[in-house]
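Engineer: Structure below; questions to follow.
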Amino acid sequence: MYFGQRRIRSAGRTSGSVEVTLPPQLQALQEIECRLMLRDGATPEIIIQPDLSVAYNLLQKLWSLVGAALAEIDEVGDFDASEFTLALMPPSHWQRRPPLAYVDALVVLRQGASGGGTEALARLVACMSIVAAYRLGLSEPLALAFGDVVAYLVLGVATQSGLEYERGLAQQLYGSRDAAGKVALDPGAWTRSASGLRRVWEQFEVWHADPSSYTSARQRWYLALNLELGSAHTAVGSPTMR
């Protein structure tokens, strides 16, 4: 990934200290230890390899929290990085394996899981919940929706568009979301969400067993929504009777 050109600045000719200004996308790497390597030759390269072990440890911890939240459904097993696409930054689009971005993990560690890092945490939770749903037997479209629903119910952040019907119904089944966004990395809070997520899962199982019921339910909901919006628009645009 090309980030443009940067100049190397020196703190003094005899100090050995140099500084490279990184692009804003890599700001989360601030203060992370890096391994420096020189590839010599006709086109020399200096390779900066960040130590992302602290971010990887958070991913493992977060998987255990997602597992605790889904425990009333079934065991989701151990974290397996091969089921994800591990990347430095969140990709704009992805296929096959859900992505886990190290930068998101670093943002959560630096800014707090219930502060500025909530959206980053939601992306990680959604992708982990998708893989958990695969393991528990959901087909791909439903697994993708379930991942978004878990992040929305537990953290109060929607990660995908076009799932308003699923989120609305899941919220009714889940119950109160007063604590959404405050769960952060508290194991007890994730465990307390298990009963509500089990009720949501049971609805997804019904849809999995009868995909046509899922399709027709979504169509009816969006049709009713469009009719409601159309009626509201007509009412606003109608002349006032006197």
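The values are calculated or read from the model by the stated rules, or taken from the named source; none is laboratory data. Values in this document were obtained by computation on a predicted structure and should not be read as measured data. Here Cβ is always computed from backbone atoms with ideal geometry, including for glycine, and neighbour counts include all displayed protein chains. Just so you know, the surface numbers come from the protein's heavy atoms only, side chains and all, with ligands and any DNA or RNA stripped out. Shrake-Rupley method; radii C 1.70, N 1.55, O 1.52, S 1.80 Å.
Engineer: Being of a type in the set (Gly, Ala, Ser) and farther than 30 Å from PHE204 by Cβ: is that true of GLY41 here?
Structural biologist: yes
Engineer: Please list, ordered by residue number, the strands (runs of 3 or more DSSP E) wholly in region 1-89 having 1 or more residues that are under 20 Å from the mean Cα position of the chain (by Cα) and surrounded by 10 or more Cβ atoms within 10 Å (Cβ to Cβ).
Structural biologist: Because the criterion is at least 1 residues that are under 20 Å from the mean Cα position of the chain (by Cα) and surrounded by 10 or more Cβ atoms within 10 Å (Cβ to Cβ), the strands (runs of 3 or more DSSP E) in region 1-89 that meet it are 85-87.
Engineer: Answer yes or no as to whether PRO99 is of a type outside the set (A, V, I, L, M, F, W, C) and under 15 Å from the mean Cα position of the chain (by Cα).
Structural biologist: yes
Engineer: Identify the residue in region 146-178 that is in a loop (DSSP other than H, G, I, E, B) and open to solvent by 60 Å² or more (accessible area, probe 1.4 Å) and, among all such residues, is modelled with the lowest pLDDT.
Structural biologist: ASP178
Engineer: So, in region 113-145, of the ones that are more than 19 Å from PHE79 (Cα to Cα) and in contact with a Gly (Cβ under 8 Å, 6 or more places away or on another chain), which residue ends up surrounded by the fewest Cβ atoms within 10 Å (Cβ to Cβ)?
Structural biologist: So, considering only residues that are more than 19 Å from PHE79 (Cα to Cα) and in contact with a Gly (Cβ under 8 Å, 6 or more places away or on another chain), the one surrounded by the fewest Cβ atoms within 10 Å (Cβ to Cβ) is SER114.
Engineer: Moving to a separate point now. Criterion first (within 13 Å of GLU166 (Cβ to Cβ), assigned to a helix (DSSP H, G or I) and in contact (Cβ under 8 Å) with a residue 60 or more places away in the chain) does TRP201 satisfy it?
Structural biologist: yes
Engineer: Of all the residues that make up region 90-112, how many are part of a helix (DSSP H, G or I) and open to solvent by 10 Å² or more (accessible area, probe 1.4 Å)?
Structural biologist: 7
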